[in-house]
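Structure first, commentary second.
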Amino acid sequence: MQYFVPCGRGLEYLLADELLALGADKATAAQSGVNVEGEAESLLRCALWSRFGSRALWPLLEFDCASEDDLYAAVHAIDWREHLEPEGTLAVHATVSGPGFNHSRYAAQRVKDAIVDRLRFDTGTRPSVDVDNPDLRLDLVVRKGKAILSVDLAGPLHRRGWRQGQGDAPLKENLACAVLARAGWTREALAAADAVGTPLALLDPMCGSGTVLVEGALIAADTAPGLLRHGEEPPTRWRGFDHALWQRLVEEAKGRDHRADLPARFFGVDLDMRIVQQARRNAEAAGVFDAIDFRTGDIADLQRPCEGPGVVACNPPYDERLAADEALYAAIGSALQRAVPEWRGAILCGNESLAHATRLRARKRYAISNGALECTLLACDSFAPPPPRVEGEARALSEGAQMIANRLKKTLKHSARWREREGVTCFRAYDADLPEYAAAVDVYAEDDDEGEARTFLHVQEYAPPASVAEHDARRRFGELLAALREVFGVPKERIATKTRARGKGGSKYGRMDERQEAFIVREGAVRLEVNLFDYLDTGLFLDHRPLRTRIFEESKDARFLNLFCYTGAATVHAAVGGAASTTSVDLSSTYLEWAARNMAINGQVGPQHRYVKADVMSWLRAEKGEYDLIFCDPPTFSNSKDKDDFDVQKHHVDLLGAAMRRLAPGGVLLFSNNFRRFKPDLETIGKFAEIEEITPDTIGPDFERNPRIHRAWLLHRGRPRD
């Protein structure tokens, strides 16, 4: 069977590995979840054993769903006597999007109505609603006209069943397990330490209600989370549930559980005596009370809790309610460096600024979401202080660099909400915000198979005015780079710089690197290859993100044409969005090969996807096909030894006229260019097309300071005019 296991953002790769270990045949990380293929037993094991998943969903029905009437009809067609006693109880959770749906709660109500009406018709009896403990819990997802209705086998998996109370900002149990895993607290690491006679200890120096320590003890005891959640009862009263298989899995899990034998090597400290008492009650409910030593104390007074190796896992306060500040995080870093310098661990920080304030050297940084909060998880191989600075090395930012750093921190904090909401990981962070530090800074977060949030920066220097001395320009650029390293915590080898060198003919970019270091980033539903070091551009124009999103949303079943396709990012969005076919045209073999790689990365291969090496104007004059959606983003100027020169101002009318002749009735052409002095000939264009400028809708929040980065228009066939 095929199924989907949702999880919090940032936990996808951990969950995929876990599901494979639980017996899945295939597990592929997606956004906020994992697509799985496997036997039915693998899904029941997920419901019993998963520490990272949010829900275990057994798919019942997948169908086209354009409206709430479609939803009602499809659900009503199911014989619900196979799933629920007529006098039973049910609850429905829904997540919907699309023009045919106004509210998730109403969609859930329509599902409930369809089930009630069908059972009443078939049996004369109707079920009732019980949101807390229903016989049948259903989950509905509607997205892009497709609906999936599933049985929720166990309810929210993060609710383990041991929590008796909590503090002001409790950490979900599955997120606590992610912190532990990134800290190195895994079954494999524990077994390896025991094998050499050096058992690991676990310390949470700001333990709150004990979530991290309780989950850490349950991992060490090999206790299945479902044992605490459900006890001897099955997780659902769904009539299709395999009770015999579940009971076999439960008996197996009970045989592995050894909470009674846990060594007392778990240590928790918190300043609040009342919350420490609550942590003790939680540990007792979880059956691990004797293994955990909870104490009250200040982080500044932290002491090494025991001899031997250990792991630190910690979730300090960081949201507005708990008024986190950088001084607290600096105190955490200092305490760990002093008390347990050789231990390893992970700290869940509220943002990159708080992570940097710890002054801890991170092996990896992971982007992870705690509810609506976007956080940074620091994973450290040790907490030892960094080595002394080399003599003569700058010990602090200059006044100018500090000014830039402060500006960057403010900008990142301001943009964090929309980036989290829209899932943006590649964006412009700085655009000559301070005029004397004239450069554009773009952030690219790698999206690799390990889920490691490796961050790269792309820095392009703007030409300084003639009044600025060369040495002043160099100094300011150096201060900008120092501020970037400070704020983002990235080594200099992950900062690509495109600096301007003055020479004959004016200011020009210096020679590019030849590192051949490409990596993959994510943009919405697609993954794309970028190269920050070897070319002037990176392979992905970040300012076109809203345009590509529009192409993704409007490409379903369309014949898509991408003129001057560059590396094919728009083509990938169209293909993943469901285009029936794509055609990408460019004169550069390098870019066409790049475009083909981008398509292959996203599984978009086959004869329906064409790559045409040709001069766009010549190709359009010879082409006979029709296209429903055309994207045209020409360069300002280009020349070729065997083709006529192209000038967007001079040739745009001929270009658009030729492109419109390839546009199918009812189709749309999106035209964009970044020539700042461009003036479209609206009178002539109006003779063969309706044209509407859509530039404001295509400028993302990260380019609002520079809205002239490009202009864009929408064209479609109108009534011809003389």
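No lab work stands behind these numbers, since they all come straight from the coordinates. What you are looking at is a predicted structure, and each value in this text was computed from that prediction instead of being measured. Methodologically, a virtual Cβ is constructed for each residue, glycine included, from the backbone with ideal geometry; neighbour enumeration extends over all protein chains shown.
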* **DSSP beta bridges in the chain [antiparallel fraction, %, rounded to 5]** => 60 percent
* Structure fact -> Listed with the fewest Cβ neighbours within 10 Å leading, V116, V312 appear as V116, V312
* In degrees from 0 to 90, rounded to the nearest 10, what is the angle of the helix 648-660 Cα long axis to the longest principal axis of the chain? -> 70 degrees
* How do R717, R81 line up, fewest other C-beta atoms within 10 Å first? -> R81, R717
* Structure fact -> Rounded to whole angstrom, the alpha-carbon centroid of region 214-291 lies from that of region 5-63 at a distance of 20 Å
* Asked: Evaluated at 4 °C with a viscosity of 1.567 mPa s, what Stokes-Einstein diffusion coefficient in µm²/s does region 541-716 have when Rh comes from the Kirkwood expression over alpha-carbon pairs?
  -> 80 µm²/s
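Taking the mean number of other Cβ atoms within 10 Å as a proxy for protection, how do you rank 47-58, 197-208, 418-429, 84-95 from highest to lowest?
Order by mean packing, descending: 47-58, 197-208, 84-95, 418-429.
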* Asked: Rounded to the nearest 0.05, what FRET efficiency is calculated for D301 and S382 with R0 set to 30 Å and r the Cβ-Cβ distance?
  -> 0.90
* Structure fact -> Scoring the chain by relative contact order with C-alpha pairs under 8 Å, at least six apart, yields a percentage of 7 percent
* What 222 nm value per residue comes from the helices of the chain, counting each DSSP H run with n ≥ 4 as -39,500 (n - 2.57) and dividing by all residues, nearest 500 deg cm²/dmol? -> -10000 deg cm²/dmol
* Structure fact -> Under the 7 Å Cα-to-Cβ spin-label approximation, M403 and K687 lie apart by a distance in nanometres of 5.5 nm
* **Gained length - R705 relative to R126, 0.36 nm times residue gap less alpha-carbon distance** => 202.6 nm
* Calculate, in nm to one decimal, what D537 and R363 gain on full extension: separation in residues at 0.36 nm each, minus their alpha carbon distance. => 59.7 nm
* Compute the long axis of helix 326-339 from its Cα atoms, compare it with the longest principal axis of the Cα atoms of the chain, and write down the angle in degrees, 0 to 90, nearest 10. => 60 degrees
* Cα-based Rg (one decimal) and Dmax (whole number) for region 2-152, in Å? -> 16.0, 48
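Extension gain R81-Q277, at 0.36 nm per residue separation less the Cα-Cα distance, in nm?
Working it through step by step, the gained length comes to 65.8 nm.
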* To do: Could you tell me the distance between the Cα centroids of region 115-182 and region 454-475, to the nearest Å?
  => 53 Å
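Ranked highest first by the average count of other Cβ atoms within 10 Å around their residues, in what order do 706-715, 462-471 fall?
706-715, 462-471
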* Under Karplus coefficients 6.51, -1.76 and 1.60, residue-wise ³J(HN,Hα) of region 239-248 in Hz, glycine/proline x -> 5, x, 6, 8, 5, 5, 5, 4, 5, 5
* Going by C-beta contacts inside 10 Å, put Y430, Y566 in order with the fewest on the left. => Y566, Y430
* To do: Please find the FRET efficiency linking A463 to E342, where r is the Cβ-Cβ separation and R0 is fixed at 56 Å, and quote it to the nearest 0.05.
  => 0.65
* Distance from a point 7 Å along Cα→Cβ of S588 to each backbone N in region 516-547: keep the residues under 12 Å and list them by number. => 531, 534-541
* Asked: What order do you get for 658-665, 18-25, 375-382 when each peptide is scored by the mean count of other beta carbon atoms within 10 Å, highest first?
  -> 375-382, 18-25, 658-665
* Structure fact -> Per the 1/(1 + (r/R0)^6) rule, R0 = 22 Å and r from the Cβ atoms of A525 and F63, FRET efficiency to 0.05 is 0.60
